[in-house]
Amino acid sequence: MMAAFILVCSVIFLLQFFISYCRSLIAASVREPLSQEVQEVTGMTRAATEEEFARVVQLLQLCPERPEERGEISLIRTYFRMLGVIRSTIAKIVPSLEKWAAAERSQCTHFVAVVLGRRIAFSRNLFAQQMSG
Amino acid sequence: MPGLFGYIVWLLGALLEAGVVVCAIRKKALRPYLFLNMYMAASLFVSVSRYNILQSYGLTSPQYMYFYYYSDALLTIFLYFALTSLFSRVFSEMQAEQYVKLGAVVLLSGTALFSYAVVNQSQSRLVTHFVVELSQNLYFVGLVLTYVLWAAVLKLRETRTRLIQLVLSLGVYFSLFAADYALRNLYPSMTTLLQILPPLFGCFLPAAWAYAFWRIPEEARLAPARLAVIR
């Protein structure tokens, strides 16, 4: 009985902490505008949408990886998938969650696009260093 | 003996624990977050000691079992100190540090008394069911305390990004462990499977803390209300 109670509470707390933690990672990028390069590469001229997430991640994988970003990208991808599950399950019962999940997934796309911009700049610097060296 | 995967996760965990302390030193966050860093240093020491005991006595030996579960319980108590130091930081402007310290002492004494009572009653099966139960309770108390801290962060409109990320990652860590131990208690037949998870979960906290120290400057700010799931 006690273990079942702890399990239920832990899962509820876990969801809350995980969502808030992912949001704290995304929060810094929300106000960051997409660079011209990212807009050209991704074709994102307006606000990011959730449908563009997979494509931006694919583009991200084409760029040389920065080790410090590996963890946060995996976490945001997990968060994006989790929101998808929420949308196709709980949101059917609670319709207000549908809009919230869509907005969150769009922010995930924006976050990944901002990271793509950083990676492009990183690759460009690397290339410039090699050319000068 | 654990397989290659087990050893890799173990090594990764130890490296991340060392990484937290290194990141904190490099970013001049060692003293402001002393207890968090001390906890990570203690975790690293325990990881190395566990490896030595494993090599000497084997995975199924009582020596390893005793050391594993008791060091786990001790580390959790140690983590209370780290959590208390986070409470102190959040409540620093309210000059409530004395109350926080008093609360921590009461809580620790309570945990110690509770642990003693359980050990005293369960001498015949020290490293079996009761240790799992004890660890589960310790993690759950930690989880509830972290939730209280998170509520205080929201209520007091704490804006320090690094502090917020440290608290949230601690919440995720406690939730994962409390759920794992509860599952073990509910389904003892799945213990072997569920024992694989803690080392993996154990990597999350040092990775998140190393990230917070390395990537988030102390002066970074954000509105905590934006992060709340329930408002």
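The label-point distance for B:L156 and B:Y7, in a model that sets each label 7 Å from Cα toward Cβ, rounds to 4.6 nm.
Summing Lys and Arg as +1 and Asp and Glu as -1 over all other residues whose Cβ lies under 13 Å from the Cβ of A:C22 gives a net charge of +3.
So what's the back-of-envelope 222 nm ellipticity for the protein assembly as shown, counting only DSSP H runs of four-plus at -39500 (n - 2.57) apiece and dividing by all residues, rounded to 500?
On the way: 14 runs with 283 residues, N = 364.
That comes out to -27000 deg cm²/dmol.
If you average the sequence gap of Cα pairs under 8 Å that are 6 or more apart and divide by the length of chain B, what percent do you get for the contact order?
Working: 212 pairs, mean separation 62.8, N = 231.
Relative contact order, chain B: 27 percent.
When chain A is treated as a GNM with alpha-carbon contacts under 10 Å, the residue of A:L14, A:L97, A:L59 showing the greatest mean-square fluctuation is A:L14. Considering only the other residues whose Cβ falls under 14 Å of the Cβ of B:L205, what net charge follows from Lys and Arg at +1 and Asp and Glu at -1? With Lys, Arg at +1 and Asp, Glu at -1, the net is -3.
Top mean-square fluctuation among A:Q61, A:Q16, A:Q39, Gaussian network model of chain A, C-alpha springs under 10 Å? Maximum among the listed residues: A:Q16. Exposure proxy ranking for A:S132, B:S109, B:S61, based on other Cβ atoms within 10 angstrom of each Cβ and starting from the fewest, stands as A:S132, B:S109, B:S61. Binning the C-alpha pair distances of chain B at 5 Å intervals from 0 yields a P(r) profile of 1, 6, 13, 18, 19, 17, 12, 8, 4, 2, 0 %, listed from the shortest bin outward.
Average partner chain C-beta neighbours within 10 Å, per residue of B:220-229?
4
Against the compact-protein benchmark of 2.2 N^0.38 Å, the Cα-based radius of gyration of chain A scales to 1.26. At 18 Å minimum axial length over the Cα atoms and a Kyte-Doolittle cut of 1.6, report the qualifying DSSP H helices in chain B, or say none. Passing helices, by number: B:4-26.
Read-outs: derived from the displayed coordinates by stated rules, not from any lab. Bear in mind that the values here come from a model prediction, so they are computed numbers and not experimental data. Neighbour counts are summed over all protein chains in view; Cβ atoms, including those assigned to glycine, are modelled from backbone coordinates with ideal geometry.
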